[in-house]
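Chemist: Here you go, one structure.
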Amino acid sequence: MSGDESLLKGKHILAVDDEEDILETIADLLDESDIDTARDYEGASQKIKKGRYDLAILDIMGVNGLKLLEEAVDRGIPTVMLTAHAVNRETLMESIQKGAISYLPKEKLSELDELLDSILGAYQRGEPPWKLLFEKLGDYFDRRFGSDWKAKDREFWSEFSRNYSIGKGIQERLKHDKKIRDKGI
């Protein structure tokens, strides 16, 4: 990171992936953060239940990442999905529906610190991190899924666009946020 101090500095982050080299790369890239790691669903689930994290980074395949996403959202942990084999329209939409704040392809792993800093900044400012993701990686998704990929799920993306700042994922996270829930909102 260059310029201003990273928002990731000092953050307690859980990184979950079944590939040790990916976890090592994440730890190297996020060296200003306090990183906990897990290589399987059971270990990650225990850490989510017992730990306090500022952010979770979850692989999808090999660790049951979508189930872990549900658990992290239940605990109020902002969660980013990071995947290679599961990069497809369906898991992207499911990640949104289950409350992830972003969905990053492992092909962009070398940019992880910058992407996470931007995404976390948007999240903390109350801006929709998904809008930022599509601004930064929209071309990537167009190349990967085809230029008309949103048209194939027009109803989903139409609703998503109408509710960008209060999308289903954000609503799901708010439902589990004790500070909000206690106010009856």
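Only the coordinates and a few stated rules stand behind these numbers; no lab work does. Not measured: the values here are computed from a predicted model. As a convention, Cβ positions derive from the backbone with ideal geometry for all residues, glycine included, and neighbour counts pool all protein chains shown.
Chemist: How do S45, S33 rank when sorted from fewest to most other Cβ atoms within 10 Å of their own Cβ? Provide the component values of the computation, followed by the final result.
Modeler: On the way: S45 18, S33 22.
In increasing order of surrounding Cβ atoms, one gets S45, S33.
Chemist: Based on the Kirkwood radius over alpha-carbon pairs, what value in µm²/s does the Stokes-Einstein equation return for the translational diffusion coefficient of region 12-181 at 4 °C and 1.567 mPa s?
Modeler: Details: Rh = 16.0 Å.
In µm²/s, the coefficient rounds to 81.
Chemist: A further question follows. By counting other Cβ atoms within 10 Å of each Cβ, how are V16, V63 ranked from fewest to most?
Modeler: Fewest to most other Cβ atoms nearby, the residues stand as V63, V16.
Chemist: Between Q46 and Y140, take the C-beta separation as r, use R0 = 30 Å, and let me know the FRET efficiency to the nearest 0.05. Write out the running numbers ahead of the final one.
Modeler: On the way: r = 34 Å, r/R0 = 1.12.
Computed FRET efficiency for Q46 and Y140 comes out at 0.35.
Chemist: Right, another one. Just want to confirm a number: the relative contact order over region 12-181, from Cα pairs under 8 angstrom separated by 6+ residues, in percent. Present the calculation step by step, with values, prior to reporting the outcome.
Modeler: Numbers: 233 pairs, mean separation 31.5, N = 170.
So the answer I get is 19 percent.
Chemist: Now for a different question. Based on the Cβ-Cβ distance of E24 and E159, what FRET efficiency does E = 1/(1 + (r/R0)^6) give at R0 = 30 Å, to the nearest 0.05?
Modeler: Details: r = 39 Å, r/R0 = 1.31.
It comes out at approximately 0.15.
Chemist: Between E32 and W149, what is the label-to-label distance in nm when each label sits 7 Å out along the Cα-to-Cβ direction?
Modeler: With each label placed 7 Å out from Cα toward Cβ, I get 2.9 nm.
Chemist: Mind sorting R143, R39 by how few other Cβ atoms lie within 10 Å of their own Cβ, fewest first?
Modeler: Details: R143 10, R39 18.
Taking fewest neighbouring Cβ atoms as first place, the list is R143, R39.
Chemist: Using the Cα centre of region 3-158 as origin and beta-carbon charges of +1 (Lys, Arg) and -1 (Asp, Glu), tell me which of S45, G62, S158 is placed farthest towards the positive end of the dipole.
Modeler: Checking the options against the dipole of region 3-158, the answer is S158.
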